[in-house]
Amino acid sequence: MAELLTDSICVDASCLGNPGQMEYRGVHTKTGEELFRSQVFQLGTNNLGEFLAIAHGLQYLWERGQNLPIYSDSAVAMLWMRNKQVKTTLPRNRQTWHIWQEIEQKLHWLRTHSPTNPILKWDTANWGQIPADFGRK
C-alpha cells in the first residue's frame with residue numbers, strides 16, 4: 001500500500017444522472033479546505049467532471065507555483081489526462097455548450113503547459129472516501 005501524502009489536493013465530481021447535472025471540486029487533503037469548485041453544468045458526465053477536476057487542480061497549482069500531488073479516484077479521468085484527450089459520447093448541443101467550452105479550454109491549457117505535479121490514484125479501499133467527495137451516493 002502506498003503512503004498517503006497529506007500535503008496534496010484531492011479532486012472529485014458529482015453527477016446527478018448520467019448524463020446529468022455535474023459539478024466538481026478540489027480540497028486540501030489534510031485540512032479538507034475547499035480550494036475550488038466549478039459551476040453546476042446542466043448536462044455532463046461523471047468521467048468528464050473527474051477529468052475537469054484534475055485539469056483545474058493542475059491549473060490552480062500552476063498559478064500558485066506549487067508542485068503538490070493531486071489525488072483522484074477515477075482511473076478513466078487519469079487515463080484521459082495522460083492522453084490529453086477525452087473519450088465521451090456526450091453530444092455537442094445547446095445543453096452541453098458550457099461544459100464543452102470548459103473541456104476545450106482545459107485541453108488547450110494542458111497542451112500548452114507542462115505541469116509536473118504527480119497525479120495519484122486515491123486508495124479508497126484503504127483510505128475511505130476521497131475528501132473531495134460530495135457525499136451524494
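The values are calculated or read from the model by the stated rules, or taken from the named source; none is laboratory data. It should be emphasised that the depicted structure is a prediction, and the values quoted were computed from it without experimental measurement. Counting neighbours? That spans all protein chains shown, and the Cβs are built from the backbone with ideal geometry, glycine included.
Computed quantities for the displayed model
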quantity: Which listed residue is closer than 15 Å to residue 119 by Cα, among the hydrophobic types (A, V, I, L, M, F, W, C) and out of contact with any strand residue (DSSP E or B) (no Cβ under 6 Å at 6 or more places or on another chain), from 4, 107, 48; calculated: 4
quantity: Subset of the range 120-134 that is crowded, with 18+ Cβ neighbours inside 10 Å and of a type in the set (A, V, I, L, M) - its residue that is nearest to residue 36 (Cα to Cα); calculated: 132
quantity: Residue list for the range 108-117, filter: under 15 Å from the mean Cα position of the chain (by Cα) and free of Cβ contacts under 8 Å to residues at least 24 places away in the same chain; calculated: none
quantity: Any hit, the range 118-132, residues being closer than 20 Å to residue 25 by Cα, within 15 Å of the chain's Cα centre (by Cα) and either part of a helix (DSSP H, G or I) or of a type in the set (Gly, Ala, Ser) (or both); calculated: yes
quantity: Breaking point among (1) modelled with pLDDT of 95 or more; (2) of a type in the set (A, V, I, L, M); (3) over 12 Å from the mean Cα position of the chain (by Cα), for residue 9; calculated: (3)
